[in-house]
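Structure, as C-alpha cells:
The values are calculated or read from the model by the stated rules, or taken from the named source; none is laboratory data. Please read all numbers here as calculations on a predicted model, not as lab measurements. Every residue, glycine as well, gets a Cβ built from its backbone with ideal geometry; the counts of neighbours run over all protein chains shown.
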Amino acid sequence: MSRKTILLTVIVLAAMTGGVFICKQFNRRNPDLSNLKPAYVVQADELIKEFSNNDSSANLKYLGKIVSVEGKIKKIDRDQDGYYTVVLGDSTELSSVRCALDSTHMKDAAKLRPISSVRVKGYFTGFEKDETGLVGSDLKLNRCVIEKQNK
C-alpha cells in the first residue's frame, strides 16, 4: 500500500470516529433522578443552617451531589415558560432551598400546595449567600423530582 492510501484510510477512520462521538454527545440524555439514590437526605431547615454556619465546608460536601431535601413549601413559582420552582423552608425565615423541577416531572407540581410538606430530590448546584441580610440566602437544586408529598 502506498503512503497516500494509508494516510487517507487513517483520516477517514478518524473522521468516522469523531462523527460517532459527536452524534452520541449531541443525543445524550440526562438520567432521570427518580431512579437514582441520593448521596444525602436532609431537612430543609438543617441544610440552611449548615450553610449559614460554614458555607465553604457545606459547599464541598453537597456541590454536584444528588440531595434529597424534606421541608415545608414556602411557595411554588412558575416562570413564563411554564417551568416550576418549589421553594422550601421556614416561612418566618428569609433563606430557602429552591428546587427547579425537571421538565419531565412538571405534572407533579400541579399537586403541590404551599404550607404542605414535601421531599424533593435533585442535583445541588450552588449557594447564593446574602451578604446584606436583607433578602436571605438561597440553596439551589436542579432537575428535581418530587419523592413524597405529605398533606
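When SER91 is tested against (1) surrounded by fewer than 18 Cβ atoms within 10 Å (Cβ to Cβ); (2) at pLDDT 85 or above, only condition (2) is not met. Among the residues of segment 110-126, those identified as more than 19 Å from PHE51 (Cα to Cα) and either surrounded by fewer than 18 Cβ atoms within 10 Å (Cβ to Cβ) or within 9 Å of the chain's Cα centre (by Cα) (or both) are ALA110, LYS111, LEU112, ARG113, PRO114, ILE115, SER116, SER117. The residues listed here are ASP77, ASP81; of these, the one that is assigned by TED's automatic domain parsing to the domain that holds ILE115, surrounded by 10 or more Cβ atoms within 10 Å (Cβ to Cβ) and acidic (Asp, Glu) is ASP77. In this entry, SER96 passes the filter for residues that are over 25 Å from PRO31 (Cβ atoms), at pLDDT 90 or above and either touching a strand residue (DSSP E or B) at 6+ places or on another chain (Cβ under 7 Å) or not assigned by TED's automatic domain parsing to the domain that holds ASP55 (or both). Checked across segment 2-24, the condition of being small (Gly, Ala, Ser), part of a loop (DSSP other than H, G, I, E, B) and in the same structural domain as ASP102 (by TED's automatic domain parsing) holds for no residue.
Results for (1) under 21 Å from TYR40 (Cβ atoms); (2) out of contact with any helix residue (DSSP H, G or I) (no Cβ under 9 Å at 6 or more places or on another chain), shown as yes or no for each residue.
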residue: SER56; (1), (2): yes, yes
residue: TYR62; (1), (2): yes, no
residue: GLY71; (1), (2): yes, no
residue: TYR83; (1), (2): no, no
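Restricting attention to segment 120-144, the residues that are part of a loop (DSSP other than H, G, I, E, B) and on the phi > 0 side of the Ramachandran plot total 2. Comparison of LYS140, LYS107 shows that the only residue that is of a type in the set (Lys, Arg) and surrounded by 15 or more Cβ atoms within 10 Å (Cβ to Cβ) is LYS140. Of the residues making up segment 1-43, those that are within 30 Å of LEU141 (Cα to Cα), surrounded by 10 or more Cβ atoms within 10 Å (Cβ to Cβ) and of a type in the set (A, V, I, L, M, F, W, C) number 8.
Looking only at segment 51-86, residues that are more than 16 Å from ILE146 (Cβ to Cβ) and in contact with a strand residue (DSSP E or B) (Cβ under 8 Å, 6 or more places away or on another chain) come to 10 in all.
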